[in-house]
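A short write-up of the structure that comes next.
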Amino acid sequence: MKILAFAGSTSSTSINRELVKFVLKDFQDEEINLIDLNDFTMPVFSVDLEKKGFPEEAYNFLKEIGACDVIICSLAEHNRSYSSAFKNVFDWSSRINVKVFQNKPMLLMSTSPGGYGGGNVMNTAKTFFPQFAADIKDTFSLPKFYENFDLESGVINPDMLKELKDKIGNFKNTVKTND
């Protein structure tokens, strides 16, 4: 099974990328493609630019989705919404193919330093992504990242770790990975 994984952030110190990397440890027997949104940098979407053609990076992003069996992502929350970097990749890609996520099963996550764990962006994505052909199988939000996550150990809050591991297990059973 081929997994496409990414964080909805371009930060070199992305906490969402750390969460994704931690979750991927439970999929070591699978083929993993952890992409970086920095590899999909494009001009800010506008109708005027669209008339001139689509950036190759948007086609490449859609190609990565098309080549995978499942998607694991964690969305950064900037001012209660998607990061501008993710939104721009999404905007360009959706103009090429409105079914951006191509009906791929998805484990959707978010984290933030605050107590809501990126809950605003998560709630938006849970409603919005299925309209763009995301098959969201499960979701997980990790609040207070710096209190509940250690870069060496991962999720250190026992209750949150159990919840995440249960969701990973359910996701694996739903998509029938090689474990």
Seminar exercise, completed: Extension length gain for residue 147 and residue 159 (0.36 nm per residue less Cα distance), in nm, is 3.0 nm
For this session: At q = 0.12, 0.15, 0.16 Å⁻¹, what is the base-10 log of I(q)/I(0) for region 45-147 according to the Debye formula with one equal point scatterer per Cα and no solvent? Please give it to two decimals.
Result: -0.42, -0.64, -0.71
Exercise. Ratio of Rg to Rh for region 1-43, alpha carbon only, Kirkwood?
Worked result: 1.01
Seminar exercise, completed: the chain: longest segment with zero exposed trypsin sites (Lys or Arg not before Pro), where exposed means DSSP loop plus at most 11 other C-beta atoms within 10 Å, is residues 53-175
Seminar exercise, completed: At 25 °C and 0.890 mPa s, the Stokes-Einstein diffusion coefficient in µm²/s for region 2-175, with hydrodynamic radius from the Kirkwood sum on alpha carbon pairs, is 151
Exercise. So what is the relative contact order of region 99-172, in percent, for Cα pairs below 8 Å that sit 6 or more residues apart?
Worked result: 35
Exercise. Taking the alpha-carbon centroid of each part, what is the distance from region 12-28 to region 102-179 in angstrom?
Worked result: 11
For this session: Name the residue farthest towards the positive end of the dipole of the chain from the options 142, 35, 66, assuming +1 on Cβ of Lys and Arg, -1 on Cβ of Asp and Glu, about the Cα centre.
Result: 66
Problem set entry | the chain, helix-only ellipticity at 222 nm - DSSP H runs n ≥ 4, -39,500 (n - 2.57), divided by all residues, nearest 500 | -12000 deg cm²/dmol
Exercise. Using every alpha carbon pair in region 62-122, what percent of pairs falls into each 5 Å bin from 0 up to the bin containing the largest distance?
Worked result: 4, 17, 23, 24, 19, 9, 3, 0
Problem set entry | Cα-based equivalent ellipsoid of region 14-105: semi-axis lengths in Å, sorted from largest, via gyration tensor | 25, 16, 11
Seminar exercise, completed: To the nearest 20 debye, the chain has a Cα-centred charge dipole, built from +1 on Lys and Arg Cβ and -1 on Asp and Glu Cβ, of 500
For this session: Pairs of Cα atoms under 8 Å, at least six residues apart: use those to get the relative contact order of the chain, whole percent.
Result: 23
For this session: For residue 126 and residue 31, compute 0.36 nm times the residue count separating them, minus their Cα-Cα distance, and round to one decimal in nm.
Result: 31.6 nm
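Read-outs throughout are calculated quantities, based only on the coordinates presented, and are distinct from any laboratory measurement. Values in this document were obtained by computation on a predicted structure and should not be read as measured data. Cβ sites come from the backbone with ideal geometry, for glycine too, and all protein chains shown count toward neighbours.
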